[in-house]
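The values are calculated or read from the model by the stated rules, or taken from the named source; none is laboratory data. Keep in mind it's a predicted model, so treat the numbers as computed, not measured. FYI the Cβ positions are ideal-geometry reconstructions off the backbone, even for glycines, and counts take in every protein chain you see. Just so you know, the surface numbers come from the protein's heavy atoms only, side chains and all, with ligands and any DNA or RNA stripped out. Shrake-Rupley method; radii C 1.70, N 1.55, O 1.52, S 1.80 Å.
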Amino acid sequence: MRCHMMIRAASVLLLAGFGIGQTCFAEAGGARADKDVPTNRLAKESSPYLLQHAHNPVDWYPWGPDAFAKAKKEGKLIFLSIGYSSCHWCHVMERESFENAEVAKLLNDWFVCIKVDREERPEIDAIYMMALNVQRQRGGWPLSMFLTADGKPIVGGTYWPPDDRQVEGEVVRGFKSILKIIHEFQVNKPQDLETQAHKLAAATKAALAESIPGVALVDLNRKLVTAAVESIKEEFDSEFGGFGSPSSHFKGPKFPVPSYLELLLQEASRTKSADLVAILTTSLDRMAQGGIYDQLGGGFHRYSTERTWTVPHFEKMLYDNAQLAEVYAKAYRLTGDPLYRRVVEETLAFIDREMTSPEGGFYSALDADSSGVEGQFYVWTDGELDAVLTNKADAELVKRVFGANNAPNFEARYHILLLPKPLAAVAVDLHMSRAQLQTRLAPLLQKLLQVRSRRPRPFLDTKILTGWNGEMIAGYALAGQALAEPRYVASAARAADFILKNLRSKEGRLLRAYGSQPGGSAEGRLNGYLDDYTYLSHGLLCLHDATGDRKWLDAARETTDTMVRWYADSDAGGFFYTSSDHEKLFARTKDQYDSVQPSGNSAAARNLVRLWTKTGDTRYRDLAEKTLKSFAASLKSNPTGMTALAAALALYLDARAGKSELVAAKNELPLQGGGAKKSDSVVKVSAKAAPEKPGADGKQEVTVTLKIDEGWHAYANPPGLEDLEPVQTTVTLKPTVKPEEVKVDYPKGKVINDPALGKYNVYEGTVTIKATVRRAAGDTSPLEVTVKFQTCNDKQCLLPATKTIKLP
C-alpha cells in the first residue's frame, strides 16, 4: 500500500502534548454502514459527496447557521470534516470511523459535526487548510479540524485511523483518542482552547492577508517572465520529464502542472527556443506514454505516485483533463506531433463518453476506487488480458506495445498499461508503419475497453461546476481550432450555453454548482467564486477565438465586468476570492499562487489582457496592470508559484508593445450595421480528386481552389507571423477509414510588410492547394475535404469560415 497523507495533529501553539505523531498507515478494513439506517441531514443536499455520507450514524450537518447555533446553545465544539467525492482517503476514513457506531457516538455526544464538499465550498477549505498550514502541517484530504462555536480553528489534521497504533516504538494517537483528548480540554480547560483558537485565527488571517512590501518598486518587465521560465528549467526532470526536486532525485508524487506547461508553450512559441521545446515535448511525451494517461480509455489520472509516471493515483478530475486537452492541442499546433493529436482526440472522447451530461455540461470527477479498491477498474492481470485476447498473436502484440510482457508494475500482480516505447518506434521494430500498427491495435483495444466497461465502475460525481466547465469549454474550443474539428467547437458552445442559462442569476451573477437533491429537479446553487468567473471567461474568450461569434465576446465581457464589480480590491489591486456580499467567515481569502489550477488572480489578469486586445477598451488594460503590479513582488520572490501570472504578464508586455493589440484589431469582427459577414461570402471554394476513386495503391491527389474576390485576402499557411497562426488557411482530408498518409502542400503566398506588425503572408486572387492522400486498403468511400480560412481587407476582417466538400 502507498502512503497518501501525513498524519499529524499536534499544534505548535498549544497542543503539542497530545502525542499525535506523523506517519503513514495502510488502508484498514471496516464494515460499511447498513443502508437501511435512518438518514442524517445530508440526505437533503445535492452534492454527491455529501450524499455519500447521508447514511452515516454520525449526526452530520451541512455548513450553515443551524450547526453553529446548536454548538453555541449546547456549549459544544465543532468537528469539521472537508473532502470530495473522488478522495481515496476520505472514503477510508468514512469506512473506518464515520460508519463506526462507537466513533459516531463519541462525535454525536461531544461535538456538532459538519461535513463540507471542498469543491462546492472552496473558500471554507482554503481558510481551514491555511489554519492547518499555520500549524506547520502538510495539508491534504480529508481535512479534519476542531472549531469553536463561532468557527475559529483550534487544531486539526488530515486522515486519522480510528485506533492508536505503534509506529517505530511510539504510540500514535488514533481518532478515538484524539476525540477524547479534545473533549477533556473542552470540559476542563475551555479557556485554553479559546486562547488557542484566538491565536490560530489571528495567525491564519495574517497568513491569508500576507503581502510583500514594496510592490510598486517591482517593474513589470520581461525579466519577471524569464525568471519564472528559468525556475521551471531548474525543476525539470530530464530523464523522465515533468518537474520536481532535483536535490531529492525527484522522489514522491509527480503532478503534470499545467501552468508550467502553458508558460513553456507560450515562451517556446514566442522565442523559438529549442531548449524550451525540448523540455516541453519531453514532459508531454513521457506523460502521454505513462500510466498516468489512460492508454485504453483516454484521459489523465490525477497524478503519478512516483517519478516515472507509471503508477497513478487513479481518480480523474475534469479540471486536469480540461487543462491538459488545452496544452496538448496547443502543442500539436506548435509541433504537429501526431501523438499530441491522439491524446487530445482520446481525452475528449473520454469526456464525451463518461463526463458529459445529457444537457451538455461536464461532470466533476471519477473516483479512484471501485468496489472499495483503488485502481481496480483500470488494471489487468495476465489472465484477464488472455481471456479477452484469445488469439495468441493479438495478446502478444498488445502486451508488447503496452508493457504487459514485463513483470506486473502494480502491487506485484497487476499491469497498468503504458507505452515503454513510442508507437512509431514499436512500428519500426515490427516492420510496419505507425498507421498500420494503429489499425492493427484498434479492434483489440476496443475489445479490452468493452470488457473493462462491464467492471464495477468508479463513482461519478455528477455535480456541474461553473469554473471547471469554463476550463473544459476552453479545452474543446482550442482543440477544435488546432485539429480543425468543428464538432469540438460545437461541444464547447453547447456547454457554454448550458452554463449561461442554468448557472447565472437574473442579475447576471454566476452560481457555483448545478445538481439536484434526491427526488428533486436540478438547479444552480451557491454564489460563484472568483475562479468561476475567470475560468468561464477564459472558455468564452477561447470560443470567440474559435468561432468569431461576437456573442461569446459579449458574454466574456459581461462576466468579467460582473467580477470586477463584486470581487475587485479597489485599494490594493487584484481580486478577492469571494464577493463583497458573501457569507462572512473569520477571514477572507485572496488567492495568488497557482497550484493544480491557475489562481483566480492569474486567470483574471490573463482575461483582462485578452479583453483589452480584443476590444481596445483601456479599462481592461488598467485593471490588468493594477492586478499584475499587486502581485509582481510575489512573482519575483516565488516565480514557480505564480507561473500562470508570469504567462499573463508576458501577454500584457506583448500587448503593451502594440503587437497583440494591432493583430487583434485586424481580426476583430466588423461592427457595421447589418451584422458581420462570414469569409465565404467573398471566397468560392472548389475541390476535385484524381483519380475520382482510389486505385490499387490507394493514392489520390486532391486539388483545392480558392477564388478570392478582388480587394480581399486570406492568411497563408504558414502566415509567417505567430499571432496569425490561429486564422491561417488549412485543408483537412478525412476519409471514412483513417488514411495511411496525408500530405498537404500550401503555396507561399504574397508577402505583406506591415510597418507595425512586420512581415506576414497572404493569399489573393486564385489560390491552388495540392494534397495527397494514401487511403487505407480497400477504402473507396467518399472523401471529405474541409477548408478553413478567414478573409480581411484593409479596413475589416470577416468571420472565419469552414467549407466542407464531399468528393465521390
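For beta carbons closer than 7 Å, sequence separation of 6+ or different chains, a first residue in region 724-748 that is within 28 Å of Gly765 (Cβ to Cβ) and a second that is modelled with pLDDT under 80 and of a type in the set (A, V, I, L, M, F, W, C), the qualifying pairs are Leu724/Val663.
Here Val116 fulfils each of the conditions (1) among the aliphatic types (A, V, I, L, M); (2) in contact with a Ser or Thr (Cβ under 9 Å, 6 or more places away or on another chain); (3) in a helix (DSSP H, G or I) apart from (3). The C-beta contact set for region 780-808 (first residue in a loop (DSSP other than H, G, I, E, B), second residue open to solvent by 40 Å² or more (accessible area, probe 1.4 Å) and of a type in the set (A, V, I, L, M), distance under 8 angstrom, 6+ apart or interchain) comprises Ser781/Val737; Leu798/Ala676.
The number of residues in region 725-736 that are acidic (Asp, Glu) and open to solvent by less than 50 Å² (accessible area, probe 1.4 Å) comes to 0.
The residue that is surrounded by the fewest Cβ atoms within 10 Å (Cβ to Cβ), counting only those in region 242-287 that are among the small types (Gly, Ala, Ser) and in contact with a strand residue (DSSP E or B) (Cβ under 9 Å, 6 or more places away or on another chain), is Gly244.
Of all residue pairs spaced 6 or more apart or on separate chains, those with beta-carbon atoms under 7 Å, a first member in region 235-250 that is over 17 Å from Thr643 (Cα atoms) and a second member that is in a strand (DSSP E or B) are Asp237/Phe243. Only one of (1) polar (S, T, N, Q); (2) at pLDDT below 95; (3) open to solvent by less than 10 Å² (accessible area, probe 1.4 Å); (4) more than 30 Å from Lys316 (Cβ to Cβ) is not met by Thr148, so which one is it? It is condition (2) that Thr148 fails.
Looking at the structure I just gave you, is Thr547 surrounded by fewer than 24 Cβ atoms within 10 Å (Cβ to Cβ), under 30 Å from Lys788 (Cα atoms) and under 24 Å from the mean Cα position of the chain (by Cα)? For Thr547, the condition - surrounded by fewer than 24 Cβ atoms within 10 Å (Cβ to Cβ), under 30 Å from Lys788 (Cα atoms) and under 24 Å from the mean Cα position of the chain (by Cα) - is met. Taking the conditions exactly as written (without any contact (Cβ under 8 Å) to a residue 24 or more places away in the chain and polar (S, T, N, Q)), does Asn409 satisfy them or not? It is false that Asn409 is without any contact (Cβ under 8 Å) to a residue 24 or more places away in the chain and polar (S, T, N, Q). Restricting attention to region 55-69, the residues being in contact with a strand residue (DSSP E or B) (Cβ under 8 Å, 6 or more places away or on another chain) and part of a loop (DSSP other than H, G, I, E, B) number 3.
Scan region 472-500 for residues that are more than 19 Å from Gln790 (Cβ to Cβ) and β-branched (Val, Ile, Thr) and the total you get is 2.
With respect to the conditions (1) in contact with a Ser or Thr (Cβ under 8 Å, 6 or more places away or on another chain); (2) in a helix (DSSP H, G or I); (3) open to solvent by less than 70 Å² (accessible area, probe 1.4 Å), Phe185 falls short on a single one, namely (1).
With respect to the stated conditions, Leu553 fails to be touching a helix residue (DSSP H, G or I) at 6+ places or on another chain (Cβ under 8 Å) and either open to solvent by 10 Å² or more (accessible area, probe 1.4 Å) or assigned to a loop (DSSP other than H, G, I, E, B) (or both). Considering only region 586-597, I want to know if a residue exists there that is at pLDDT 95 or above and not charged (D, E, K, R). Among the residues of region 586-597, at least one is at pLDDT 95 or above and not charged (D, E, K, R), which makes the answer yes. All of Leu106, Leu143 fail the test of being in contact (Cβ under 8 Å) with a residue 40 or more places away in the chain, within 27 Å of Arg302 (Cα to Cα) and either surrounded by fewer than 22 Cβ atoms within 10 Å (Cβ to Cβ) or within 27 Å of the chain's Cα centre (by Cα) (or both), apart from Leu143.
Among the residues of region 572-609, those that are over 20 Å from the mean Cα position of the chain (by Cα) and assigned to a helix (DSSP H, G or I) comprise Leu608, Val609. Checked against the criterion of being open to solvent by less than 10 Å² (accessible area, probe 1.4 Å), farther than 24 Å from Ser505 by Cα, modelled with pLDDT under 95 and assigned to a helix (DSSP H, G or I), the candidates Ala632, Ala646, Ala650, Ala664 yield just one match: Ala632.
Is at least one residue of region 737-749 exposed (fewer than 14 other Cβ atoms within 10 Å of the Cβ) and within 30 Å of Thr613 (Cβ to Cβ)? Taking every residue of region 737-749 in turn, at least one turns out to be exposed (fewer than 14 other Cβ atoms within 10 Å of the Cβ) and within 30 Å of Thr613 (Cβ to Cβ). With respect to the conditions (1) at pLDDT 95 or above; (2) open to solvent by 10 Å² or more (accessible area, probe 1.4 Å); (3) acidic (Asp, Glu), Asp34 lacks only one, and its number is (1). Of everything listed in (1) of a type outside the set (Asp, Glu); (2) within 37 Å of the chain's Cα centre (by Cα); (3) open to solvent by 30 Å² or more (accessible area, probe 1.4 Å); (4) more than 20 Å from Val683 (Cβ to Cβ), the single unmet condition for Arg775 is (3).
Taking region 274-327 as the range and being among the basic types (Lys, Arg) and under 18 Å from the mean Cα position of the chain (by Cα) as the test, the residues that pass are Arg302, Lys316. When Gly698 is tested against (1) more than 35 Å from the chain's Cα centre (by Cα); (2) closer than 30 Å to Thr439 by Cα; (3) open to solvent by 30 Å² or more (accessible area, probe 1.4 Å), just one condition goes unmet, and that condition is (3). In region 551-576, the residues that are free of Cβ contacts under 8 Å to residues at least 60 places away in the same chain and among the polar types (S, T, N, Q) form Cβ pairs under 9 Å with partners that are outside any helix (DSSP H, G or I) and open to solvent by 50 Å² or more (accessible area, probe 1.4 Å), at six or more places apart or across chains, as follows: Thr559/Arg504; Thr562/Glu507.
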